[in-house]
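Read through the structure below, which is laid out as structure tokens, and then see the notes.
Rule-based calculations on the coordinates, nothing more; no lab input. Source: prediction; values computed, not measured. All Cβ positions, even for glycine, are placed from backbone atoms using ideal geometry, and neighbour counts span all protein chains on display.
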Amino acid sequence: MRPIIILSLLFCFAQAHASEECPNIPAFLDNGWIVHSEEDFDQILEEKLHEFLPEVGKDLILDDAESYISDYSHDCYLIMWVVIWDRVSTAKEEMWGDVALSRTCPHTGEYIELRWYDPVTKKKHIVFNPEHSCCLTTNVPLAYNTIF
């Protein structure tokens, strides 16, 4: 009987620990976000930068930039610099800010997280860099039509 109880407790602990590793994921999924695998971060970042950078100053304009500290970075002193770009062609009521790039600040400037809104599919996407973060960096934005 004791081994069954011990195994049950270990199983429950393992399940609880796994869900605590990134508690934000279920909330993002419940709010309609597509959460991409952190294993695909480098590939997605390269594709999206190639797509977005030519549009900066044209269809993508600077919306906001600020520093932020995440509870989920590997370094408790890591300061992120979040830059949010707004797509001019997307109606404001549809989405406030269409692309958010988070980078390490102020030293290396490596990318930590990428968020974007696809105006064709009407879906919000997010992916994080596992080299700097163990989870999505924040909770789900309060408004359904904001990127950060």
Point to revise | Ordering of 111-119, 128-136, 88-96 by packing [mean C-beta count within 10 Å, highest first] | key: 111-119, 128-136, 88-96
Revision key, fill the gap. For the pair LEU53 and ASN139, the simple spin-label estimate (label points 7 Å beyond Cα toward Cβ) gives in nm 3.6
**Study point:** Estimated distance in nm for a label pair at GLU39 and ALA91, the labels positioned 7 Å out from Cα along Cα-to-Cβ
**Key:** 4.0
Check your understanding: Where in segment 64-102 does the label zone of THR108 land, with the point 7 angstrom along Cα→C-beta and an amide N cut-off under 15 Å?
Key -> 73-81, 102
Study note, to complete from the structure: Counting lysine pairs in segment 24-128 that sit 8 or more positions apart or on different chains, with Cα atoms under 19 Å apart, gives 8
**Study point:** Computed over segment 29-79, Cα set: Rg, Dmax in Å
**Key:** 14.5, 36
Exercise for review: Run through all the Cα pairs of segment 24-128 and give the fraction in each 10 Å bin from 0, expressed as whole percent.
Suggested key: 14, 45, 36, 5
